[in-house]
């Protein structure tokens with residue numbers, strides 16, 4: 001603090017600066033300073049206020065961290081009732097057309113083109129903020145519309161709500177809006193809770209309402225809440241603009257958060273277009289909404305229209321199909337995905353949610369099912385947003401029946417066997433999912449297994465693509481990769497008769513199948529589709545073991561002697577080869593002519609670049625794939641990143657961070673000319 005600056009001046013300056021940064025961070029999402037600098041300013045203010053309590057005020061930024069636990073909420077009588085807006089039950093375009101027709105009729109001008117302010121209907125908790133001379137003095141819930149609850153201490157913890165208004169000294173200005181929790185903040189909060197073994201929130205709306213309507217302000221301070229204003233309550237000493245949209249613009253200039261997702265439109269067509277436009281991006285919004293709100297924009301027209309049965313005639317909520325509903329879990333099924341992943345699925349009492357009838361909802365995996373403690377017989381909350389697969393987001397524990405099922409145990413439920421093919425199931429260390437080990441045999445995995453087996457880097461069977469594999473599997477011509485080489489199943493006439501084939505295409509495919517029989521051990525290992533075994537690992541395994549028999553006989557300890565093969569990869573390999581179904585398919589493949597040169601590992605030792613690791617970076621005159629293939633034929637290993645184990649880095653044009661790393665580690669760098677000369681010399685030997 002400068003010598004000439006008084007304590008009071010410093011406190012005032014710190015408060016102003018901190019509030020400026022709060023607005024930049026929480027409202028505009030454009031922070032101007034690092035968190036550490038903000039924390040330094042905040043600690044200085046806290047220290048000064050503690051040393052000089054005579055300067056303490058309830059609008060200081062330090063009041064946002066929560067206070068003493070409340071005994072109960074004090075009732076607050078609203079000076080202007082917080083009335084509910086009528087909901088248009090017809091979710092089609094007719095809802096907007098009906099509202100516009102009513103407004104024109106009530107205004108006495110059926111041919112008028114009325115101007116409307118259109119906003120989002122936020123899914124949170126309605127709050128009234130009372131400012132006196134620009135300072136926040138009270139926050140209250142809607143309650144029954146006449147009387148709410150004083151939640152001032154909790155609302156002060158919401159950083160985006162200004163404790164004092166910019167440029168407004170109105171005697172009284174009540175701002176009304178919605179406290180909500182963004183989807184991102186909701187997920188982050190739940191992740192932290194799960195990491196600490198603490199209860200999680202069911203959904204963002206409950207998170208917002210539960211944070212405000214509880215008695216410990218410190219708890220509210222720990223929950224990330226936000227706010228959007230949508231209107232006014234009591235106003236004294238402030239000249240109202242002529243339109244509702246201008247009111248929101250003015251509040252925004254005062255520092256009050258106002259959603260950008262709003263528009264001024266004319267006539268019924270404008271309402272319909274807004275409803276459709278928001279519906280199209282509803283799922284991409286950072287927060288939940290359950291509809292849109294139409295308001296007659298002219299405040300004079302609003303006064304003329306007035307109210308009916310405690311609802312304004314000049315506004316209506318036009319909803320979208322509910323994204324969450326309650327229903328009952330009738331059973332828990334387990335589905336096998338195309339990669340062998342086992343997913344528990346709740347079989348539900350059918351319920352209409354998100355615009356469609358839902359009878360199944362994903363439980364993701366065993367851990368999630370246990371964390372949520374979903375059991376057969378439970379009443380649950382189901383969510384469906386857009387095209388997202390419906391999911392169970394929470395259990396209503398107070399409705400759990402006495403005869404509810406036991407806690408979910410996937411392995412016990414299945415007896416350790418895949419429900420589709422009977423192969424063993426495994427769950428690798430650190431993985432959330434159980435998987436079927438019958439990758440070459442399991443019907444649920446057929447299409448993926450066949451496509452992977454025939455892919456260019458595996459057996460490279462040109463012409464055996466998605467559409468054809470789908471036909472061959474659906475007609476039961478192909479059940480396993482071994483069937484590709486069964487001439488009793490795939491002959492010229494059978495293939496020619498398939499959709500979009502013909503005799504020429506069929507013959508080309510048969511030629512490609514025949515050509516693919518001569519392969520390499522590395523390609524064959526990769527083609528098996530073993531979990532966690534990619535192309536590079538397959539080459540390392542082929543080089544190390546030399547024969548398929550040696551690989552299949554290796555235990556986890558031997559497998560981990562291979563470079564870059566750790567416990568998880570080793571477990572995947574042993575589990576795959578331990579499954580009798582997979583071994584049977586491998587035997588069939590070899591019996592039908594798929595072959596390679598054995599002892600490739602021994603041959604690799606004699607190659608010119610055996611044991612040498614290269615990293616390619618930048619742009620070369622040849623493709624990256626071609627350079628990699630030429631190096632590997634010479635016995636080299638091509639890695640994706642630079643480390644102390646790297647022998648050479650080949651740097652083409654515009655080489656970046658890998659080149660810098662190589663220079664830092666003093667690794668030999670080859671330019672393209674040097675690289676090509678090395679290839680030429682090695683290939684000549």
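Quick notes on this one:
- Residue check for residue 583: under 29 Å from residue 648 (Cα atoms), in a helix (DSSP H, G or I) and out of contact with any strand residue (DSSP E or B) (no Cβ under 7 Å at 6 or more places or on another chain): no
- Yes/no for residue 392 being within 26 Å of residue 531 (Cβ to Cβ) and either touching a helix residue (DSSP H, G or I) at 6+ places or on another chain (Cβ under 8 Å) or not assigned by TED's automatic domain parsing to the domain that holds residue 570 (or both): no
- Whichever residue in region 390-404 is within 17 Å of residue 367 (Cα to Cα) and touching a residue at least 40 places away in the same chain (Cβ under 8 Å) and, among such residues, is surrounded by the most Cβ atoms within 10 Å (Cβ to Cβ): 392
- Exactly one residue out of 329, 380, 374, 316 is touching a helix residue (DSSP H, G or I) at 6+ places or on another chain (Cβ under 7 Å) and touching a residue at least 24 places away in the same chain (Cβ under 8 Å): that is 316.
- Looking only at residues in region 338-372 that are out of contact with any strand residue (DSSP E or B) (no Cβ under 6 Å at 6 or more places or on another chain) and not in a helix (DSSP H, G or I), the one that is nearest to residue 90 (Cα to Cα) is 355.
- Extreme residue, nearest to residue 609 (Cα to Cα), among residues of region 659-674 that are within 38 Å of the chain's Cα centre (by Cα) and touching a residue at least 40 places away in the same chain (Cβ under 8 Å): 662
- Just so you know, in region 243-264 the residues that are in contact with a helix residue (DSSP H, G or I) (Cβ under 6 Å, 6 or more places away or on another chain) and more than 17 Å from residue 22 (Cα to Cα) include one that is surrounded by the most Cβ atoms within 10 Å (Cβ to Cβ), and it is 263.
- Test for residue 412: is it outside any loop (DSSP other than H, G, I, E, B), more than 24 Å from residue 533 (Cα to Cα) and out of contact with any strand residue (DSSP E or B) (no Cβ under 7 Å at 6 or more places or on another chain): yes
- For residue 368, the stated conditions do not hold, so it cannot be described as modelled with pLDDT under 90 and in the same structural domain as residue 509 (by TED's automatic domain parsing).
- Set 240, 299: member being assigned by TED's automatic domain parsing to the domain that holds residue 159, in contact with a strand residue (DSSP E or B) (Cβ under 7 Å, 6 or more places away or on another chain) and without any contact (Cβ under 8 Å) to a residue 60 or more places away in the chain: 299
- Boolean, residue 376 is outside any strand (DSSP E or B), at pLDDT 90 or above, in contact with a strand residue (DSSP E or B) (Cβ under 9 Å, 6 or more places away or on another chain) and assigned by TED's automatic domain parsing to the domain that holds residue 332: yes
- For region 62-82, the set of residues classified as at pLDDT 85 or above, surrounded by 14 or more Cβ atoms within 10 Å (Cβ to Cβ) and touching a strand residue (DSSP E or B) at 6+ places or on another chain (Cβ under 8 Å) consists of 76, 78, 82, listed by residue number.
- Single unsatisfied condition, residue 421 versus (1) more than 30 Å from the chain's Cα centre (by Cα); (2) in a loop (DSSP other than H, G, I, E, B); (3) over 24 Å from residue 346 (Cα atoms); (4) touching a residue at least 60 places away in the same chain (Cβ under 8 Å): (3)
- Residue among 609, 510 that alone is more than 30 Å from residue 430 (Cβ to Cβ), surrounded by 19 or more Cβ atoms within 10 Å (Cβ to Cβ) and either assigned by TED's automatic domain parsing to the domain that holds residue 468 or modelled with pLDDT under 95 (or both): 609
- All positions within region 525-556 that are in a helix (DSSP H, G or I) and without any contact (Cβ under 8 Å) to a residue 12 or more places away in the chain: 549, 550, 553
- Residues of region 629-658 satisfying the condition of being surrounded by 18 or more Cβ atoms within 10 Å (Cβ to Cβ), part of a helix (DSSP H, G or I) and under 37 Å from the mean Cα position of the chain (by Cα): 658
- Filtered residue count, region 130-159, keeping only those that are in contact with a strand residue (DSSP E or B) (Cβ under 8 Å, 6 or more places away or on another chain) and in a loop (DSSP other than H, G, I, E, B): 6
- Of the residues screened, residue 331 is not one that is touching a strand residue (DSSP E or B) at 6+ places or on another chain (Cβ under 6 Å) and closer than 24 Å to residue 268 by Cα.
- Single match in 414, 440, 450 (criterion: over 27 Å from the mean Cα position of the chain (by Cα), surrounded by 22 or more Cβ atoms within 10 Å (Cβ to Cβ) and touching a residue at least 40 places away in the same chain (Cβ under 8 Å)): 440
- So residue 563, is it assigned by TED's automatic domain parsing to the domain that holds residue 490 and under 30 Å from residue 682 (Cα atoms): yes
- Test result for residue 285, assigned by TED's automatic domain parsing to the domain that holds residue 122, buried (at least 18 other Cβ atoms within 10 Å of the Cβ) and modelled with pLDDT under 95: no
- In region 129-146, the residues that are at pLDDT 90 or above and more than 16 Å from residue 211 (Cα to Cα): 129, 130, 131, 132, 133, 134, 135, 136, 137, 138
- Qualifying residue in region 186-206 (condition: at pLDDT 90 or above and in a helix (DSSP H, G or I)): no
The values are calculated or read from the model by the stated rules, or taken from the named source; none is laboratory data. For clarity, every value in this text was computed on a predicted model and none was experimentally measured. Note: ideal-geometry Cβ built from the backbone for every residue, glycine included; neighbour counts use all protein chains shown.
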